[in-house]
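Visitor: Sharing a structure here in structure tokens format.
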Amino acid sequence: MKGTFWASSRLLLFALAIALGIGALVAHQLLASRASIWQRAQADNANLLFTVSHALEATLRAADQAALHVIHHLEDGTHDMLSHAVPHANRFGGQPQGGLGVLLVLDADGSVTHASDPFPEGEWNFADRSYFTAHMSDPRRGLYISQPFISRFDGSASLALSRRWNQPDGRFGGVVVQTLKLDRLKELFSAIELGADSGINLFLLDGTIVMRFPYTGSLTGKTLAGTANFERFLKEREGSFTGIAALDGVERLYTFRALGDYPLLINTAQSTDSILGGWRRQAVSLGLATSFLMLACLGLALVAERELRAHRATSRRLQRAEHELRTVLDSLPARVAYWDDSMRNRFSNLAHQKWHRVTAKQLKGRHMAEILGPANFEQIQPYVREALKGRTQVFEQALRDQDDRLEHSVAILTPDLVQGEVKGFFVLINDITDRKVAEDKLFQEKERFRVTLESIRDGVITTDEAGCVTYQNRAAELMTGWPLSRAQGRPIEDVVNMQKLADGAVLVHNPVRVALAERGVVQSDGEHVLVGRSGERTHIEDTAAPISDEKGELAGAILVFHEVSQARAMAHKMAHLAQHDALTGLPNRRRLAQLSEQAMARAARDGRKLALLYLDLDGFKAVNDSLGHAVGDLLLIEVTKRLSDTLRKGDTLCRKGGDEFVVLMDGIRDEAEARAAAERLIAACRRPVVLEGQPLVVTVSIGIGIYPDDSTSFDQLVRVADAAMYQAKQAGRNRHAIAANWEA
């Protein structure tokens, strides 16, 4: 074993040495390649910057010489030559200088005196430009380069190169301005390709960005003064370094130089990713390949090392696995066995042995029919035949054990296939006797529950947790119009269409939905109207509650509701009788008080009057005493009809008791309207009433009280009208009276 260990260790060390050697060699080559690429990029950027800066200096020099040429004519007094010199100044040297804009001669006031190109008409003045004020205030200032601006002349982005010119006596004569179009610089830079996130930048020495390429007009005129990179440009004037850009945070290789005597600085800014991107990709691929080779080398060594140890470990693992498998199978409550293709036992676990009351040794090699007995074997033999044909069998069975106890179980027969040939089958048997007993009890409970629900008059509907109907009893079917077979699986809103009793609006949230959402009992706050499938309407009261499973999780909801139409009708009838006269159906004394208070409130609000007419029938007592109460009741009914037909639509007739009535006239203008109504009522009662073939004559005496003239209190107003009625009776009856005054 010691020799095996040292042999495997030497193999691993040798493989590790080879892998490290390969890695070191590749790393050295990659580092050398990177250094070469970086040096070449530095050289290329330096050469490019030299070429561009010299071309730019040539352009600036031409512009400056054009200005000096014009100043020469201005200061030596040969002003008559300006008309020829100015138009040709920006072609100084015999070759046109592309990119040079207009050349202007400004006088001491900033007005244009000469221009190299045809100049738009108008009064042009440039005294507000920075270059003009700089030269005017400093006689010793030489060439001045302005910040970028938009030319008033042609609208192009430009730079101004300017010099001062003096009068013969040394006084400030004005400024000669030569503009340089930034488009010229963009054309100069556009032929240069430095890669992504790279470009060329031109700055004034105060940090102002004159031009960036690739061109970004939004950055022209912005300043980088104070940034670390720009401070290094100013300090070193020329050179290269790697830095992080202040504007976008990209790492770049900066190569820079100042433009001679001009207050300008130019640089190339090439992103390190564009320089080293290809190298990095190559390094990654080469590194991955090298790593794979190194790992493969180590892996092969490990495989060989494992093979040296595998032979001895295999036998130990097999023994351990067999022991563990036997332990696991013996620990299972299910019965596990293996039978060969001749149905003889080759293996069984402890549960299987105990059920048959034999040992493993006694069971092994015996035929299944011998172990199970004829009756049990006959029951499962068809499934065994199918298993031996290569088909897995799952079935329930009921077998008698050694104590003749009936056991319910689920058996799984799994074929043992070797290269398509069935060598036998595995048997797994689970005892489900307790479950079957529980299922039978549960079925009985469910049946009792179903019969109970079908016997009650309340509607009962259950839903799942999604609010879809799972069950409803017969009462619910009758009220909703949905049979259970059609309702199952439908959302509760489809089956139970509820509306509010007050306004007939459909309930926004069905009580079942509220119970599911809030997980609490939902009691209806009043009556609802259940609209059946065919449109029939039923007044109901309802309660909804959530249903939880054995784990306390939401399993659904239940809705219980019952019809309240009859109870509601009885309640309405009782309420009506409490406030109306049983004989005539007119509002009674209690209702009269409520109506009067409401009428007086309206009259006070609208600034109108209210008349209360107190009526008493003349001669009614004699009819009642002579002909009986039945005739008297018929007479009261007929008089009530005549009085009701005589009144206005908005007037209210009430029976105060016996043969006394009260009329409320709401919203009258004056007492004349009340008098006129009283006359109509008196006339209606003068006509005889024929009852049982006998004409009966009764008249009416009426007392009138006016609100608010006579009183603002209902009780007082009744007393006033009652007193007026007695005045009418004392005056001969069959007439009306108002308070102390009365009329026939």
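The values are calculated or read from the model by the stated rules, or taken from the named source; none is laboratory data. Since the structure is predicted, the reported quantities are computational estimates derived from the model, not experimental observations. Glycine also receives a Cβ, built like all others from the backbone with ideal geometry; neighbour counts cover every protein chain displayed.
Visitor: Counting only residues that are farther than 27 Å from G552 by Cβ and either of a type in the set (V, I, T) or surrounded by 14 or more Cβ atoms within 10 Å (Cβ to Cβ) (or both), how many does the stretch 441-457 have?
Guide: 2
Visitor: Being surrounded by fewer than 15 Cβ atoms within 10 Å (Cβ to Cβ), under 30 Å from G249 (Cα atoms) and under 56 Å from the mean Cα position of the chain (by Cα) is true for just one of L300, L332, L288. Which residue is that?
Guide: Answer to the selection: L288.
Visitor: Just to check your reading of the model, which residue among A678, A672 is under 28 Å from G607 (Cα atoms), in contact with a His (Cβ under 8 Å, 6 or more places away or on another chain) and either of a type in the set (A, V, I, L, M, F, W, C) or surrounded by 19 or more Cβ atoms within 10 Å (Cβ to Cβ) (or both)?
Guide: Step by step, each of A678, A672 is checked, and only A678 is under 28 Å from G607 (Cα atoms), in contact with a His (Cβ under 8 Å, 6 or more places away or on another chain) and either of a type in the set (A, V, I, L, M, F, W, C) or surrounded by 19 or more Cβ atoms within 10 Å (Cβ to Cβ) (or both).
Visitor: Among the residues of the stretch 427-439, is there at least one that is free of Cβ contacts under 8 Å to residues at least 24 places away in the same chain and surrounded by 14 or more Cβ atoms within 10 Å (Cβ to Cβ)?
Guide: no
Visitor: OK, next. Output the strands (runs of 3 or more DSSP E) that fall wholly within the stretch 439-500 and possess 3 or more residues being on the phi > 0 side of the Ramachandran plot and among the charged types (D, E, K, R), or say none.
Guide: none
Visitor: For the stretch 388-434, enumerate the residues that are of a type in the set (G, A, S) and assigned to a loop (DSSP other than H, G, I, E, B).
Guide: Answer for the stretch 388-434, where residues must be of a type in the set (G, A, S) and assigned to a loop (DSSP other than H, G, I, E, B): G390, G420.
Visitor: Scan the stretch 335-350 for residues that are touching a strand residue (DSSP E or B) at 6+ places or on another chain (Cβ under 6 Å), outside any strand (DSSP E or B) and loosely packed, with under 15 Cβ neighbours inside 10 Å and jot them down.
Guide: D341 - this is the single residue of the stretch 335-350 that is touching a strand residue (DSSP E or B) at 6+ places or on another chain (Cβ under 6 Å), outside any strand (DSSP E or B) and loosely packed, with under 15 Cβ neighbours inside 10 Å.
Visitor: Here is a further query. Which ones in the stretch 354-383 are part of a helix (DSSP H, G or I) and in contact with a helix residue (DSSP H, G or I) (Cβ under 7 Å, 6 or more places away or on another chain)?
Guide: H356, A360, L363, M368, A369, I371, F377
Visitor: Going by what's in this entry, would R316 be described as over 56 Å from the mean Cα position of the chain (by Cα), part of a helix (DSSP H, G or I) and at pLDDT 80 or above?
Guide: No, not satisfied.
Visitor: Taking the conditions exactly as written (on the phi < 0 side of the Ramachandran plot and either crowded, with 22+ Cβ neighbours inside 10 Å or without any contact (Cβ under 8 Å) to a residue 40 or more places away in the chain (or both)), does A684 satisfy them or not?
Guide: no
Visitor: Anything in the stretch 451-468 that is closer than 12 Å to R513 by Cα and touching a helix residue (DSSP H, G or I) at 6+ places or on another chain (Cβ under 8 Å)? List them, or say none.
Guide: Residues satisfying the conditions are T463, E465, G467, C468.
Visitor: In addition: Of the residues that sit in the stretch 516-567 and are in contact (Cβ under 8 Å) with a residue 12 or more places away in the chain, of a type in the set (S, T, N, Q) and outside any helix (DSSP H, G or I), which one is surrounded by the fewest Cβ atoms within 10 Å (Cβ to Cβ)?
Guide: Only one residue fits best here, namely S534.
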